[in-house]
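Colleague: What follows is a structure written as structure tokens; I'll ask about it next.
Where a number appears in this text, it was derived from the coordinates with a stated rule and is not lab data. If you're wondering where the values come from, they're calculated on a predicted model, not measured in any experiment.
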Amino acid sequence: MSNPYDTASERMSILPPTMRFKGELSADEDLLIQGSIEGTIRHSQRVTIGKEGKIKASIAANIIKVEGTVEGDLTAAHSVYLDQSGNLRGNIRAPSVNLVEGSKFNGSVDMDTKVASSTARAK
């Protein structure tokens, strides 16, 4: 079984470091964000905030991996992973949460599987 957090082995859309986006972003394929986004992000697959990513948005997806900086709430149907380089200021709702030593997190965690799954699907 492949690692659900491994972005290198899969095809995905990439928003480069020079890209700035403001508004509502939604799609069905995996997404790697290295640029800046302000607004909301809704995906049915995996969203990865790369080390250069700077996000001011609420994010709803199946899997969310944070390597960069996020200011906003995360809702995942499957899991949230905050990498060692990750910096999150916001609340997490997901049935599985992994905060790696060295990551920065300021918020609350809700691991009620029914709430996280239904919220992620509704968005």
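Colleague: For Lys51 and Asp112, compute 0.36 nm times the residue count separating them, minus their Cα-Cα distance, and round to one decimal in nm.
Modeller: Length gained, Lys51 through Asp112: 19.1 nm.
Colleague: Continuing with this model, one more query. Need the full-extension length gain, Met19 to Ser44, defined as separation in residues times 0.36 nm minus the C-alpha distance. One decimal, nm.
Modeller: 6.8 nm
Colleague: For Gln34, which sequence-distant residues (separation of 5 or more, or a different chain) have an amide H within less than 5 Å of its own amide H, given hydrogens modelled in the peptide plane?
Modeller: Those qualifying (amide H under 5 Å, at least 5 residues apart or on another chain) are Leu15, Gly50.
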